[in-house]
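Peer 1: Before I ask anything, here is the structure I am working with.
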Amino acid sequence: MSASDAPEQLIDAARNARGFAIAPYSRFRVGAALEATDGRIFTGCNVENATYGLTMCAERVAILKALSEGARSFRRLAVVADTEGLITPCGACRQIIWEFCGDIAVVLANERGQSETLQMRDLLPRPFDAGYLKDAP
Ligand code: THU
């Protein structure tokens, strides 16, 4: 799979991962699929916790799986939910995506056949990142 490819395969991987979501509290199931530049695809689903605050979003699960398997360079991330419109990653996930994936394409899709691709720079304008830490006295 390459950057110019249609995102259907990646969306399908995210849709499949959504089937594994553990969402007994919200019942809101999300799937994600992250494509590395070497072609590997890492998937994730949301995993909720009774304390609520420890819930992990699908996007972060996919990213942490990828990092823990040595992937460091990424091309695209697909996110799938079953909503009327298209969901976007939460604020915490945007920060993590920026830190580890940079300005990648984010493919938003639902279970109703709709999709749209956005760039991370548009989802997280003026991000805080490691560049600022160099300015510490
Ligand atoms: N969730 C995700 O996994 N990704 C998103 O982009 C938005 C929200 C999860 C977190 C929680 O388990 C449920 O959806 C409701 O917020």
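Peer 1: Would you grab the residues whose amide H sits under 5 Å from the one on N46? Only those 5+ places off in sequence or on another chain, please, with H modelled 1.01 Å from N.
Peer 2: Those qualifying (amide H under 5 Å, at least 5 residues apart or on another chain) are I22, V30, A58.
Peer 1: Another question, then. Report relative contact order for the chain in percent, whole number only (criteria: Cα-Cα under 8 Å, sequence separation at least 6).
Peer 2: 20
Peer 1: Once phi is turned into θ = phi - 60°, what whole-Hz ³J(HN,Hα) does the Karplus curve with 6.51, -1.76 and 1.60 give for every residue of region 102-114, x standing for Gly and Pro?
Peer 2: x, 7, 7, 7, 10, 9, 9, 8, 10, 8, 10, x, 8
Peer 1: In addition: Among 113-119, 30-36, 86-92, 75-81, how do they line up by average Cβ neighbours within 10 Å per residue, starting with the highest?
Peer 2: For the peptides 113-119, 30-36, 86-92, 75-81, the packing ranking is 30-36, 75-81, 86-92, 113-119.
Peer 1: Hey, can you grab everything whose amide H is under 5 Å from the amide H of R76? Only 5+ residues off in sequence or another chain; H modelled, so Pro and N-termini drop out.
Peer 2: Amide H neighbours of R76, under 5 Å, 5+ apart: E35.
Peer 1: Another question about this same structure. From the backbone phi of region 15-32, what are the Karplus-calculated ³J(HN,Hα) couplings (6.51 cos²θ - 1.76 cosθ + 1.60, θ = phi - 60°) in whole Hz, Gly and Pro given as x?
Peer 2: Ordered by residue, 3J(HN,Hα) equals 5, 5, 5, 4, x, 9, 3, 10, 9, x, 8, 8, 6, 9, 9, 10, x, 9 Hz.
Peer 1: On average, how much accessible surface per residue is there in the chain, in Å², for a 1.4 Å probe, leaving out ligands, DNA and RNA?
Peer 2: For the chain, the per-residue accessible area is 54 Å².
Peer 1: Follow-up. Over the chain, how many percent of alpha carbon pairs lie in each 5 Å bin up to the one with the longest distance?
Peer 2: Spelled out per bin, shortest first, that is 2, 11, 21, 23, 21, 12, 6, 3, 1, 0, 0.
Peer 1: Can you classify region 1-70 as rounded, prolate or oblate using the Cα gyration tensor, where a ≥ b ≥ c are the square roots of its eigenvalues, rounded means a/c under 1.5, and otherwise it's prolate if a/b beats b/c and oblate if not?
Peer 2: Because a/c hits 1.5 or more and a/b fails to exceed b/c, region 1-70 counts as oblate.
Peer 1: Using a 1.4 angstrom probe on the protein heavy atoms only, could you order M56, M120 from most to least accessible area?
Peer 2: From most accessible down to least: M56, M120.
Peer 1: For the chain, what is the calculated [θ] at 222 nm in deg cm²/dmol (nearest 500), taking -39500 (n - 2.57) for each run of four or more DSSP H residues and dividing by its residue count?
Peer 2: Computed mean residue ellipticity for the chain: -8000 deg cm²/dmol.
Peer 1: Which percent of the accessible heavy-atom area of region 8-133 goes to carbon and sulfur, probe 1.4 angstrom?
Peer 2: In region 8-133, the share of accessible area belonging to carbon and sulfur is 53 percent.
The values are calculated or read from the model by the stated rules, or taken from the named source; none is laboratory data. What you see is a predicted model, and the numbers here were worked out from it, not measured in a lab. Methodologically, a virtual Cβ is constructed for each residue, glycine included, from the backbone with ideal geometry; neighbour enumeration extends over all protein chains shown. Remember, those area values only see protein heavy atoms, side chains included, never the ligands or the DNA or RNA. Shrake-Rupley method; radii C 1.70, N 1.55, O 1.52, S 1.80 Å.
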